[in-house]
Every structure is written in structure tokens, then in C-alpha cells.
Amino acid sequence: MIPAKIKTPVYLLLLVLFTVTNTSFKKISYRTTTRNTYQVIIVKSKYELQIYDSTGEWMVTYPVVFGNKDLGDKMMQGDKRTPEGVFHILNKRKHNKWNSFMLIDYPNQESYQKFNRRKLQGMIPANAKIGGEIGIHGTWPHEDHAIDQYQNWTEGCISTKNIYIQELFGLLPVGTTVEIRH
């Protein structure tokens, strides 16, 4: 019989080992992909970028950071906020500062509608511009710690560790749906 003092630590150790060994990240297949093979969901309040396959099954989650600490929806150019809505990867390129860059189609029609409505409601100045060039990218070289420390530093883009952006860059084709939520 195991003494009571030992049971709890042993039980906790077994529970941790069971959890770690049974937590599955679905193996990502680098097969031929189309724009509908994967879906990206970015949850700003959780600082997460989640990948789902075409059946809606969760595959993997990556940590991310943004531009502004308040995590609100992008209102106008220069506010350092990350836009919310449904977008698509427009193009991909290697980037000399941020490893790799995947441009999303912000602003799209929905973005313009929100922007114009906010102007009419006086929420933003009449001369404000909508902004653009929003994407998913890595960090400055040797600055991956910004992701671990949840340091929002971009101008409104989504940033993740360079090793993760390399995986995403190789996995996600142009046209992939990217939904950004609060």
C-alpha cells in the first residue's frame, strides 16, 4: 500500500504525464493544398492563432501578438489596432525584417462599410484614412521573446515567433480564410 503522503504527488505526476502524452496536435500534412484546405481563426483576447482543417477539426494553435493593448477593432490608419472580420491571404513573401509576411485583404468591402459608418457616426475624424498592409508575420531577428511576453508591438499586424511563421508560410496557400475575432 502507498502511504497517503506519496499518493498525491504520484497521482499528480501520472495525471500530468497522461495529459502531456495524450494531448494531440494533429500532424500537419504538407500535401497539395488549396485555399479551402485550412481556415485560420485569430482570437485577439486569447492571443491565439488557431488552424482548422477543411472539416472544421482543430489542428494547432500558435501564440500571437498585435499592435495595440486595447485589442479593439481597427478604426483608422495609425491606430495600431488589428482589424476584425473575415479576410483572405492575398499574397505571401519573404520579408527582410520579419522573416515571412502573409498579406491579408484588409481593407475589404466589409471593412469599408464599417469605416464609412463610423465616419458618419462621428466615431472617427472625417479626414481619417482606413489604412492597409495588414498581415501575419514573424518578429525582428532574436525578438521572439515579445511573443512569450505578450508584447503588442506591430502597427496592426499579427505577429508570431519566426519558427511558427515559417511553418504557417509553408502550410497556408494564398486565398486561405483568416477570421479575426476579439
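No lab work stands behind these numbers, since they all come straight from the coordinates. Just so it is clear, the structure is predicted and the values come from calculations on it, not from any experiment. Quick reminder, even Gly has a Cβ in these numbers, built from the backbone with ideal geometry, and neighbours come from all protein chains shown.
Summary table
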item: Under 14 Å, Cβ to Cβ, from Asn108 - net charge with Lys/Arg +1 and Asp/Glu -1; result: -4
item: Within-13-Å neighbourhood charge of Lys69 [Cβ basis; K, R +1; D, E -1]; result: +1
item: Linear extension gain, Val43 paired with Glu155, 0.36 nm per residue minus alpha-carbon span; result: 38.6 nm
item: Cα-derived Rg over Rh, computed across segment 27-181 with Rh taken as Kirkwood radius; result: 0.97
